[in-house]
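Report on the structure given below.
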Amino acid sequence: MPDEVTGSTARVLIIYDTRYGSTKTIAEWIAEGAASRGHADVAVQNVAEADPRGFDLIVIGSPIYEEHPLPSVMNFLAANRDRLSDKDVALFVVCVDYGTVSKEELVHRYLADLQTRAAGRVRAIEVFGGYLDVDKLSDTDRKLIEDFAKLMGAPITQVNKLDRQSARKFGAQVAHFLEPA
Ligand SMILES: Cc1cc2nc3c(=O)[nH]c(=O)nc-3n(C[C@H](O)[C@H](O)[C@H](O)COP(=O)(O)O)c2cc1C
């Protein structure tokens, strides 16, 4: 597939990784928002199979685990620097700390890893609230969360900060960059 896009329809690729599905859900909501602009062709791909060639705008996101984005997403950004260098890029993270401290603090804490690895024109960054259900976690993840909860002195069972509207809004906002001036 050529790396140049011909024709008038811009192509948007939303790339994610996930352990329990919430970042995939957010990626799909971002896609809905991007598609709502009408002029964009939108695809959603897991990072394991993602190929940015042929797309104009790459939106890439990761959940936060133990203070960091998943290595798969960081590795993708590092391995695709050349392919991303001439594209518009948007970055997002998904975390349950959303709403507990300022957005600036979360950007500083959780997006910096992605920002330093991303080539291309980073046009937008965003932090989204995530979803956590302790009963659905792997043994390893449940133990980590339970240890953390003990440290905080408060039990954690379920947290749901997913917000379709804010994800759709971000999708529409990033697709707007592709509109002819
Ligand atoms: C073991 C574990 C560690 C986590 N660490 C953090 C963290 O450091 N900061 C945070 O805000 N959220 C943290 N979370 C919450 C996840 O980011 C949140 O559940 C997210 O929605 C998971 O995305 P996924 O369903 O796409 O995997 C953690 C969750 C688990 C299970």
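Just so it is clear, none of the values below were taken in a lab; they were calculated from the coordinates. This is a predicted model, so every value here is computed, not measured. Note that each Cβ is placed from the backbone with ideal geometry, even for glycine, and that neighbours are counted across all protein chains shown.
Tabulated values for the structure
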{"read-out": "Estimated FRET transfer efficiency (residue 138, residue 158; beta-carbon r; R0 25 Å; 0.05)", "value": "0.95"}
{"read-out": "³J(HN,Hα), Karplus 6.51/-1.76/1.60, whole Hz, each residue of segment 98-114, x for Gly, Pro", "value": "3, x, 8, 9, 5, 4, 4, 5, 5, 4, 4, 6, 10, 8, 4, 4, 6"}
{"read-out": "Flagged links, alpha-carbon separation over 25 Å, of 24/103; 87/169; 143/169; 136/169", "value": "143/169; 136/169"}
{"read-out": "Separation of the residue 9 and residue 122 label points, Cα + 7 Å toward Cβ, nm", "value": "3.1 nm"}
